[in-house]
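Chemist: Please see the structure below; I have some questions.
The values are calculated or read from the model by the stated rules, or taken from the named source; none is laboratory data. Quantities reported herein were computed from a predicted structural model and do not represent experimental measurements. All Cβ positions, even for glycine, are placed from backbone atoms using ideal geometry, and neighbour counts span all protein chains on display. Note: accessible area is taken over every heavy atom of the protein model, side chains too, but ligands, DNA and RNA are not part of it. Shrake-Rupley method; radii C 1.70, N 1.55, O 1.52, S 1.80 Å.
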Amino acid sequence: MHTSPRPADPTAVDAAAPASRARALTKVYGTGAAAVRALDAVDVDFASGAFTAIMGPSGSGKSTLMHLLAGLDDATSGTVHLGTTEITSLGDDALTRLRRDRIGFVFQSFNLLPMLTAEQNVLLPLDLAGRAPDRAWLDTLVATLGLQARMTHRPSELSGGQQQRVAIARALIAQPEVVFADEPTGNLDSRSGAEVLSFLRRSVRELGRTVIMVTHDPTAAAYADRVLLLADGRIAGDIADPSPESVLAGLEGLRVLEAPAGTPTGATPVVDVTAGGRR
Ligand SMILES: Nc1ncnc2c1ncn2[C@@H]1O[C@H](COP(=O)(O)OP(=O)(O)OP(=O)(O)O)[C@@H](O)[C@H]1O
Ligand SMILES: [Mg+2]
């Protein structure tokens, strides 16, 4: 009999694997009396092909969670998977390659290189990986982001919204499995912010990407398919099909939960606010 070297039906498992997954994920900064438990045994799955926003008060662990999910920082304990790869057990070189080949990043501060044109900035991840650009995909990104007339400009010749759209094209050029965005609209006026958010949503709905975004803005979060609420390093709410109103209600719920003096930590109930229907 011919025996398969692989476990039974591995494809079924792979197809069901979330794009990103954390189990008992814990991050403690510092030691002794100065120790801060930034993440406390977080369990969460991020579905492939979905746009998720992470919200919560300042210091609740949003950036820490995103950095651990993206392999930018080490966990104290617990595991993170990207697809079926456990990234918490990878060495530095493998992690560097994984970030380069399988993850895209968008930061609040754009992080474009000033001496390079927009096109050179977009293609930089491929240059660093020694990969040839897929011209059709570049054209799709540039057209979808409305950057056709801007690709020979340097960042200083672009508006904030244009610079962030260039940063998004750079994050997507290598077709990463997951794009992580930490407050991508934090430095933008509301119109540019809306353009960037519309594009992130289109990149999920039309281009099949997976996006995980940290934001403070309920209107921005409402562009997502799901809003995850963090408080004190724990998951404190999970809102499907969010609207600005349901997100605000969820955030208000956190405030109410945090308000009473002497509330035992670890007893935070999970808020589950669901909006009526999809936009
Ligand atoms: N490098 C670090 N060293 C020590 N403590 C840290 C470090 N980074 C974060 N922290 C602490 O961990 C906690 C979570 O921080 P984190 O940056 O994840 O919060 P956040 O939810 O992203 O907040 P914000 O909305 O202000 O960006 C905070 O108490 C913070 O002070
Ligand atoms: Mg942060």
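Chemist: Roughly how many Å² is the accessible area per residue of region 189-240, as a whole number, for a 1.4 Å probe?
Modeler: Details: 1830 Å² over 52 residues.
Per residue, region 189-240 has 35 Å² of solvent-accessible surface.
Chemist: Then there is this: Along each of its three principal axes, how wide is the spread of alpha-carbon positions in region 62-212, in whole angstrom units, largest first?
Modeler: For region 62-212, the Cα extents along the three principal axes come out at 46, 34, 31 Å.
Chemist: Sticking with this structure for a sec: When only Cα pairs under 8 Å and 6 or more residues apart are kept, what is the percent relative contact order across region 11-85? Intermediate values should be presented prior to the final figure.
Modeler: Working: 118 pairs, mean separation 32.1, N = 75.
Reported relative contact order: 43 percent.
Chemist: How big is the convex hull of the Cα atoms of region 118-182, per residue, in Å³?
Modeler: On the way: hull volume 6.0 nm³, N = 65.
For region 118-182, the hull spanned by Cα atoms encloses 93 Å³ per residue.
Chemist: A further question on this structure: Kindly write out, for region 234-250 in residue order, the coupling ³J(HN,Hα) from the Karplus curve 6.51 cos²θ - 1.76 cosθ + 1.60 (θ = phi - 60°), rounded to whole Hz, with x marking Gly and Pro.
Modeler: Residue by residue, region 234-250 yields 10, 6, 10, x, 8, 10, 8, 6, x, 10, x, 5, 5, 5, 4, 4, x Hz.
Chemist: Given Cα pairs under 8 Å that are at least 6 residues apart, what percent is the relative contact order of region 140-267? Can you show the working numbers first?
Modeler: On the way: 129 pairs, mean separation 21.7, N = 128.
This gives 17 percent for region 140-267.
Chemist: What part of the accessible area of region 94-175, given as a whole %, is carbon or sulfur when the probe is 1.4 angstrom?
Modeler: Values: 2000 of 3810 Å².
Solvent-exposed carbon and sulfur of region 94-175 make up 53 percent of the total.
Chemist: Can I ask one more? For the chain, with a Gaussian network of springs between Cα atoms less than 10 Å apart, report the residue from Ala149, Ala181, Ala249 with the top mean-square fluctuation.
Modeler: Ala149
Chemist: Now for a different question. Using alpha-carbon pairs under 8 Å, 6+ residues apart, how would you state the relative contact order of the chain in percent? Kindly include the intermediate steps, with their values, before the conclusion.
Modeler: Details: 517 pairs, mean separation 61.3, N = 279.
This gives 22 percent for the chain.
Chemist: Distance in nm between label sites at Glu245 and Ala35, each 7 Å beyond Cα in the beta-carbon direction?
Modeler: 4.5
Chemist: Which of these, Leu98, Leu128, Leu200, has the largest mean-square fluctuation under a Gaussian network model of the chain (Cα springs below 10 Å)?
Modeler: Leu128
Chemist: So how far apart, in nm, are the two label points at Ser77 and Asp93 if each is 7 Å from Cα heading toward Cβ?
Modeler: A separation of 3.1 nm, rounded to one decimal place.
Chemist: For the chain, take the alpha-carbon Rg, divide it by the Kirkwood Rh, and send me Rg/Rh.
Modeler: Working: Rg = 19.6 Å, Rh = 19.8 Å.
Radius of gyration over Kirkwood radius for the chain works out to 0.99.
Chemist: Out of Pro155, Pro184, Pro57, any idea which swings most in a Gaussian network model of the chain, alpha carbons joined below 10 Å?
Modeler: Pro57
Chemist: Further question: Amide H to amide H, which residues 5 or more places from Ala50 or on other chains are under 5 Å from it, using H placed in the peptide plane?
Modeler: Val211
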